[in-house]
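Undergrad: Pasting a structure below so you can have a look.
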Amino acid sequence: MYDFNNIYQPKTVKEALEMKKAHPDALLLAGGSDILIQCREGRLAGRDVISIYTLDELRGICMEDDGTILIRPLTSFSHITNNPIIKKYIPTLGDAVDQIGGPQIRNIGTIGGNICNGVTSADSATTLKTYDAILEIASVDGIRILPYADFSKGPGRVDLREGEMLTGIRIKKDSYENTFGKYIKYSMRRAMDIATLGCSVNVRLTEDKKKVDRVRIAFGVAGPVPLRALSAEESLKGQLISEELLEAASQAVMADVNPRNSWRASKDFRIQLIKELTRRALRSSIEQAGGEF
Amino acid sequence: MIVGKAVNRVDAEAKASGTAKYVADLVDRNALVAKVLHSTIANGTVLSFDLDEAYKVPGVVKIVTCFDVPDKQFPTPGHPWSTHKAHQDISDRKLLNTRVRFYGDDIAAVIAEDEIAATRALKLIKVEYEEYEPILTYEDAMKDGAMAIHEEKPNNVVVHSDYEMGNFDEAIKEEGLIKVEGTYETPIVSHCHIENAGSYAYMESGRIIVVSSTQIPHIIRRVISQALDCGMGKIRVIKPYIGGGFGNKQDALTEPLNAFLTSVVGGRCVKLFYTREETFVCTRTRHAMKFFIESYVRKDGTFAARKIKAYSTQGAYASHAHALVANAVNGFRMMYPVGAIKGDAYTVYTNLPTAGAMRAYGIPQIGFALEAHVDDICQKAGFDKVQFRRDNMMQVGFVDPFTTIACHSSGLDECITRGKEYVNWDQKIEEYKNQTGDIRRGVGMAVFCYKTGVYPIALETSAVRMVLNQDGSTQVQMGATEIGQGADTVFSQMAAETLGFTLDKVNLISTQDTDVTPYDTGAYASRQTYVSGMAVKKTALSLKKKICEFAGYMLNRDPSDLDIEDNNIVHVGTREKYLTTEEVAMEACYSLENSNHISAEETHHCSDNTYALGCCFAEVEVDIPMCSVKILKIINVHDSGKIINPQTARGQVHGGMSMGIGYGLYERLIIDPKTGKTNNDNLLDYKLMTVLDTPDLGYDFVEPEDPSGPYGNKALGEPPVIPVAPALRNAVYNATGVAVNAIPLHPQRLFEEFSKAGLIK
Ligand SMILES: Cc1cc2nc3c(=O)[nH]c(=O)nc-3n(C[C@H](O)[C@H](O)[C@H](O)COP(=O)(O)OP(=O)(O)OC[C@H]3O[C@@H](n4cnc5c(N)ncnc54)[C@H](O)[C@@H]3O)c2cc1C
């Protein structure tokens, strides 16, 4: 038994946005795999709920005319992993969300729910960060476009204003073209676990495959929100591929992260993981791109 | 032969098709819902409650608090009662407690029309406490001047015991001994049975009926009668199918309180189902133990002397109390009964969740400490790890001087041989010498011994009833319980075997109902196949005799010339068929001259015990920078005597190994060191392994027939969990040279240990 107050079931996005305006405190329910947990725990007990789960307009993946990939927020993790566009152009994302929970969660959980829930361990978040995802956010007043980089506001808090809803996630062609990546989820067990640390890296090499043309690195659980290692990325740009590069990367990211001590893992252990995962994810990305050490 | 065959479980179809009924399937849909209010402090006293807001929630029927329950303490553990006062279990809790002793103690209960009303009301109850500093370690609890958690035990020591075999002080004077010391620690872990604790209770004609997910229905009836101070005849306990227990349900959990709750609402049905979080914190756990071991070994690789000091952290209430650490220090002696041995054990109250019985009852703790220690000895003295164990381990004919338990049979040597072969031990030991690099491999092993049942420490008794049906089949009623381990199946095989019936003619009644089911203490101590098996055999022989007597009357033959085979009455010698058992049963029931409703009921009072033995061999790969361990190969080889059913036996070994890997690498209850609150009271944060974390589990059986077992069998239910954690620890030691003396070897711990050892910079 879940402790809800009223449940509203809109038939269209427009209706959903109107309901959201009329009931600003109501929770948007997508797959429910975060919300129901919080209802049961009591944090969200006794609330009104607007279920958007049946709104198929918000589901699916397509490529727009300019090569931008559009992922609708209700797309489930298993659909993302198995989608031909994702497989071909951003396999790192498909691979990342394939490490979420277990098969049931990957069928019910949505990518929109994952990022709107706003936690630092969200497995899709780091890869979306490294691919510079752009969010489409709608309300009855129209549409707002926001880089995903600016979405996080703090642990469990995101930049969704009253009456707003996420309606699209876009990744531009320049962002994924000629780019190879790797997401490593470090967790205490191999399924049904949240990341102790997540690291997503992608690279584009120079034409001769000797140097790094562009590298992007993001971490989950290395700070209160998923974060990009921007200073490290900058320092690695144009560098020669070598073992030393991996070492330099693992040192450079330290300036960008801010892990903490908790009963789940110590700060020092997380730092060890940040360094090691950086080395391993970067090595894998470079090797996939055809680089040699 | 039906014994020894891999027949399908008798409950397979019911369980796979969903027709098997569990407590939650049986409960009346209109039942009231009870929820317990648990304390949010670890140590203190409840001063008062404000219930006004909670009573305003629509649907709330009644709220009872610690000020409303009988002022009577009662014991909870699933032991047979002792009529000798000195051996009785400790009575140290009330139905709800004013004196709060751990974070999560039961202080009040709400009864409501539904779960939401009950949960909402719980949140609105205001409690005023007097708070004391939580005492969260045995060290703090034993300090001079530490506050008493129970006034009956002013120094917080529940029990202290010791023993000495030979003369330790003399023995260590021998010239040339090598001394090895070590300290070993095991964590609090949880049973994690699939079905949470839960029961429902109602009244009929002044009697209280409790339907519960328990391993021990007859004992639960006794505990309820003690808690409510009423006659046992006033209580009826029913146990349907249950979703596992692993010892947690060898304790009175929700039942006594629930019996009380129905009585305060006029006998209406009340259900009290614990959530997973409550099951983690408010039922029982495995005792955390710490061992200080000191060994003196000769250069020839034999023990001259050793001693152990053991501290068992009990938590808030006594439950099974000292029995576990006593078992542990006895196990320390029995495994290698060589040289002088001294044991010293303490069980200590703390403000932690209550520890109780859990699979293998103290032996996984000592199994880890002792087998890690033996590897430490071998490493230090340069002994061969396998040979040292072989040279010192228990042999047939050994009689433990304190418990008088004799080693009637042993296949341990052969178990070790097979284990070695499986992991290619000798070759790997060579191959894995002098490794460098980030990824290293190693092999490890451990042995164990385990008693079968609780004789002579406590009573071992079991009763069985068999009733002959007109079609020549039989209903078998037993107090022994099926808890998922396959008991009903092996009992059915035993009954069929001894009766001369085919398996389909045996209907084993799975449900226990204390109003009608013969007495047996229940599922624990790996006792049932042995002790209750003896009762099955005795009752089957008795029923068979009666059937043959009636057949003799029908045939006008001497019954001693008759036997039963494949449901036929046959000549004992020639095996010539005379009648079917169905013909005998029909005639016996409806005979106009001599009607006789054939049934048999026997009690077996068991006064023997025997050791099950075995080992685990494992090969691991350690990723040092990632602080992770991968199991490449693992096998348990067991001597549990004759295996009654290889298929269900395999299930027990696999389940136990999974629990053992969890114990060695993953599981621990994490308690906040300031407040005493359990941080990881859920299956996300409590790292129970998933199927993806589970390697291929090898298993093998060496089957010497045990002369004391009813069918040559010995303990198997619990043993598989014992040797796994130390084998893994020893394999990591072999791989990295880092001896980790506390489990689990989870990444955070490995990070700290590898950093200390300089493997991580
Ligand atoms: C057993 C289990 C295992 C899990 N394992 C993982 C894991 O390994 N990795 C991981 O990252 N997560 C994991 N999760 C968390 C969860 O499954 C994911 O975060 C999932 O993506 C949530 O999606 P949902 O559709 O179920 O979200 P919901 O619970 O429906 O919603 C989540 C939040 O997002 C908001 N929201 C949803 N859609 C929109 C929208 N379109 N616009 C605005 N707001 C919206 C909701 O209001 C809510 O606040 C696990 C959960 C469970 C129960």
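The values are calculated or read from the model by the stated rules, or taken from the named source; none is laboratory data. Owing to the predicted nature of the structure, the values given are computational and were not obtained by experimental measurement. Virtual Cβ from ideal backbone geometry, glycine too; neighbours counted across all protein chains shown.
Undergrad: Looking at segment B:717-761, which of the residues that are β-branched (Val, Ile, Thr) and more than 26 Å from B:Leu412 (Cα to Cα) is nearest to the other protein chains (Cβ to nearest Cβ)?
TA: Here the residue is B:Ile760.
Undergrad: List the helices (runs of 4 or more DSSP H) inside segment A:186-293, counting only whole elements, that have at least 3 residues being without any contact (Cβ under 8 Å) to a residue 40 or more places away in the chain and within 23 Å of B:Phe751 (Cβ to Cβ).
TA: A:243-252, A:267-288
Undergrad: Can I ask one more? Using the structure shown, decide if B:Leu352 is more than 18 Å from the chain's Cα centre (by Cα) and surrounded by 24 or more Cβ atoms within 10 Å (Cβ to Cβ).
TA: yes
Undergrad: A:Asp150 fails exactly one of the following numbered conditions: (1) out of contact with any Gly (no Cβ under 7 Å at 6 or more places or on another chain); (2) near the ligand (Cβ under 10 Å from one of its atoms). What is the number of that condition?
TA: Here A:Asp150 clears every test but (2).
Undergrad: Among the residues of segment A:28-46, which ones are within 6 Å of the ligand (Cβ to nearest atom) and surrounded by fewer than 17 Cβ atoms within 10 Å (Cβ to Cβ)?
TA: A:Ile37
Undergrad: Suppose the filter is at pLDDT 95 or above, closer than 15 Å to A:Leu227 by Cβ and either near the ligand (Cβ under 10 Å from one of its atoms) or under 15 Å from the mean Cα position of the chain (by Cα) (or both); does A:Thr120 pass it?
TA: yes
Undergrad: Name the strands (runs of 3 or more DSSP E) wholly inside segment B:591-705 in which the number of residues that are aromatic (Phe, Trp, Tyr) is 2 or more.
TA: Of the strands (runs of 3 or more DSSP E) lying wholly inside segment B:591-705, those with at least 2 residues that are aromatic (Phe, Trp, Tyr) span B:611-623, B:698-701.
Undergrad: With the condition being modelled with pLDDT of 95 or more and more than 29 Å from B:Asn609 (Cα to Cα), I'd like the strands (runs of 3 or more DSSP E) fully within segment B:475-580 carrying at least 2 qualifying residues.
TA: Here the list reads B:562-565, B:568-571, B:577-580.
Undergrad: Check B:Glu593, B:Glu576 and return the single one that is within 23 Å of B:Ile2 (Cα to Cα) and surrounded by fewer than 17 Cβ atoms within 10 Å (Cβ to Cβ).
TA: B:Glu576
Undergrad: When you scan segment A:87-100, do you find a residue that is within 16 Å of the chain's Cα centre (by Cα), small (Gly, Ala, Ser), within 11 Å of the ligand (Cβ to nearest atom) and within 14 Å of another protein chain (Cβ to nearest Cβ), even just one?
TA: For segment A:87-100, residues within 16 Å of the chain's Cα centre (by Cα), small (Gly, Ala, Ser), within 11 Å of the ligand (Cβ to nearest atom) and within 14 Å of another protein chain (Cβ to nearest Cβ): absent.
Undergrad: If the requirement is being within 31 Å of the chain's Cα centre (by Cα) and either more than 30 Å from B:Ile405 (Cβ to Cβ) or surrounded by 15 or more Cβ atoms within 10 Å (Cβ to Cβ) (or both), which of these qualifies: B:Phe550, B:Phe617?
TA: That would be B:Phe617, the only listed residue that is within 31 Å of the chain's Cα centre (by Cα) and either more than 30 Å from B:Ile405 (Cβ to Cβ) or surrounded by 15 or more Cβ atoms within 10 Å (Cβ to Cβ) (or both).
Per-residue answers, yes or no, for (1) away from chain A (no Cβ under 14 Å); (2) modelled with pLDDT of 95 or more; (3) within 22 Å of B:Val7 (Cα to Cα); (4) touching a Gly at 6+ places or on another chain (Cβ under 8 Å):
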{"site": "B:His604", "(1), (2), (3), (4)": "yes, yes, no, no"}
{"site": "B:Glu621", "(1), (2), (3), (4)": "yes, yes, no, no"}
{"site": "B:Gly641", "(1), (2), (3), (4)": "yes, yes, yes, yes"}
{"site": "B:Asn645", "(1), (2), (3), (4)": "yes, yes, yes, yes"}
{"site": "B:Val653", "(1), (2), (3), (4)": "yes, yes, yes, no"}
{"site": "B:Ser658", "(1), (2), (3), (4)": "no, yes, no, no"}
{"site": "B:Phe701", "(1), (2), (3), (4)": "yes, yes, yes, no"}
{"site": "B:Glu705", "(1), (2), (3), (4)": "yes, yes, yes, yes"}
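Undergrad: I've got another one for you. Look through segment A:157-182, keep the residues that are within 10 Å of the ligand (Cβ to nearest atom), assigned to a strand (DSSP E or B) and of a type outside the set (A, V, I, L, M), and return whichever of them is surrounded by the fewest Cβ atoms within 10 Å (Cβ to Cβ).
TA: Out of the qualifying residues, it is A:Gly168.
Undergrad: Considering every residue within segment A:279-289, establish whether at least one is more than 13 Å from chain B (Cβ to nearest Cβ) and β-branched (Val, Ile, Thr).
TA: Checking segment A:279-289: at least one residue is more than 13 Å from chain B (Cβ to nearest Cβ) and β-branched (Val, Ile, Thr).
Undergrad: Collect the residues in segment A:94-150 that are farther than 23 Å from A:Leu197 by Cα, assigned to a loop (DSSP other than H, G, I, E, B) and either in the same structural domain as A:Glu18 (by TED's automatic domain parsing) or in contact with a Lys or Arg (Cβ under 8 Å, 6 or more places away or on another chain) (or both), keeping them in residue-number order.
TA: The one that is farther than 23 Å from A:Leu197 by Cα, assigned to a loop (DSSP other than H, G, I, E, B) and either in the same structural domain as A:Glu18 (by TED's automatic domain parsing) or in contact with a Lys or Arg (Cβ under 8 Å, 6 or more places away or on another chain) (or both): A:Val140.
Undergrad: Test B:Arg120 against the stated conditions and say whether it is touching a His at 6+ places or on another chain (Cβ under 9 Å) and either in contact (Cβ under 8 Å) with a residue 24 or more places away in the chain or closer than 24 Å to B:Val64 by Cα (or both).
TA: no
Undergrad: Any idea which of A:Ala195, A:Ala222, A:Ala191 is within 16 Å of the ligand (Cβ to nearest atom), within 14 Å of another protein chain (Cβ to nearest Cβ) and within 19 Å of A:Pro155 (Cβ to Cβ)?
TA: Only one candidate qualifies: A:Ala195.
Undergrad: Okay, next question. Name every residue in segment B:709-754 that is of a type in the set (Val, Ile, Thr) and not in a loop (DSSP other than H, G, I, E, B), in order of residue number.
TA: Once the filter is applied, which keeps residues that are of a type in the set (Val, Ile, Thr) and not in a loop (DSSP other than H, G, I, E, B), segment B:709-754 yields B:Val721, B:Val724, B:Val732, B:Thr736.
Undergrad: State yes or no: is A:Ile194 surrounded by fewer than 22 Cβ atoms within 10 Å (Cβ to Cβ) and either hydrophobic (A, V, I, L, M, F, W, C) or in contact with a His (Cβ under 6 Å, 6 or more places away or on another chain) (or both)?
TA: yes
Undergrad: Looking at segment B:166-185, can you tell me whether even one residue there is basic (Lys, Arg), in contact with a helix residue (DSSP H, G or I) (Cβ under 7 Å, 6 or more places away or on another chain) and over 30 Å from B:Leu47 (Cα atoms)?
TA: Taking every residue of segment B:166-185 in turn, none turns out to be basic (Lys, Arg), in contact with a helix residue (DSSP H, G or I) (Cβ under 7 Å, 6 or more places away or on another chain) and over 30 Å from B:Leu47 (Cα atoms).
Undergrad: Just name the residue that is nearest to the other protein chains (Cβ to nearest Cβ) out of those in segment A:54-76 that are within 12 Å of the ligand (Cβ to nearest atom) and touching a residue at least 40 places away in the same chain (Cβ under 8 Å).
TA: Applying the filter and picking the extreme gives A:Ser76.
Undergrad: If I ask for residues that are buried (at least 20 other Cβ atoms within 10 Å of the Cβ) and more than 9 Å from every other protein chain (Cβ to nearest Cβ), which ones from segment B:682-696 would you list?
TA: Within segment B:682-696, B:Tyr686 is the sole residue that qualifies.
Undergrad: Residue by residue through segment A:264-278, note down the ones that are under 23 Å from B:Arg668 (Cβ atoms), more than 9 Å from chain B (Cβ to nearest Cβ) and surrounded by 19 or more Cβ atoms within 10 Å (Cβ to Cβ).
TA: Selection gives A:Arg270 alone.
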